[in-house]
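Enquirer: Got a structure here, written out as structure tokens. Questions coming.
The values are calculated or read from the model by the stated rules, or taken from the named source; none is laboratory data. In this text, all values refer to a predicted model and were calculated from it rather than measured experimentally. Only protein heavy atoms, including side chains, enter the accessible area calculation; ligands, DNA and RNA are left aside. Shrake-Rupley method; radii C 1.70, N 1.55, O 1.52, S 1.80 Å.
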Amino acid sequence: MPQRWPKNRINNSFLLLLVWLALLYLLFLTHCKINSSNNTSSTVKNSIDIYRIARSVCVETINNYRKTEGKIPYTQWNKGEDCADQQAEYDSKPGGSPHAGWKKKICAPKGRAQNECPGWPAADVEKSLTNCLKVMWDEQYTPSGEQGHYLTMSSTKYDSVACGFYKTENGRLWMVQNFK
């Protein structure tokens, strides 16, 4: 006759397995909660880039403007995006100002030039982004000396752009474009 496990042994093993699974599940939920709470910057650690689409739209929009002048498109500078995010966050803080993080070299690689869209509505990221980029591109129609953003976007000195984002607690979006 085959030997059977005692019934209480099976129940105890099963309960132990359930406890371990529950603990793993709680650890997973805690990890997700920690990484998502108070994290309004673009990249959630070990997770998904919540601004991935906006970064592509940023580069594509700039390149569509460049195309109207027969300029070569910029490539998306992925390695510069973390720094661009950090600069957007730094500039958004009380007492901060556009380009402050870039000028203070708070991170690297920072690129050779920067445009910034400070404090735009965050409800529709792509709309705020494309509206801001249009305002900058339309500087070409302003008097000389007031065309800095346009000149950077249309320049042939650079070959790539990194787009960074930061959403403040009060729902404002800071967007940085670093060119190299």
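Enquirer: Along the principal axes of its C-alpha atoms, what lengths does region 72-136 span, in descending order and rounded to whole Å?
Expert: Ordered largest first, region 72-136 gives principal extents of 36, 29, 18 Å.
Enquirer: Sequence-distant or interchain residues sharing an amide H contact under 5 Å with Gly119, placed H: which?
Expert: Placed amide hydrogens put Leu173, Trp174, Met175 under 5 Å from Gly119.
Enquirer: Output the Cα-based Rg and Dmax of region 66-180 in Å, rounding Rg to one decimal and Dmax to a whole number.
Expert: 13.6, 41
Enquirer: Could you pull the accessible area for Lys167 with a 1.4 Å probe, rounded to 10 Å²?
Expert: Accessible surface of Lys167 is approximately 80 Å².
Enquirer: Here's another thing I want to ask about it. So which of Lys105/Lys180; Lys71/Lys103; Lys134/Lys167; Lys71/Lys105 end up more than 25 Å apart, counting from Cα to Cα?
Expert: Checking Cα-Cα distances, Lys71/Lys103; Lys71/Lys105 exceed 25 Å.
Enquirer: Quick query: amide H of Phe165 versus all other amide H atoms, modeled in the peptide plane; which residues come in under 5 Å with a sequence gap of 5 or more or a different chain?
Expert: Ser42, Asp85, Val176
Enquirer: Another question, if that's okay. Give me the 1.4 Å probe accessible area per residue for region 75-171, excluding ligands and nucleic acids, in Å².
Expert: Result: 52 Å² per residue.
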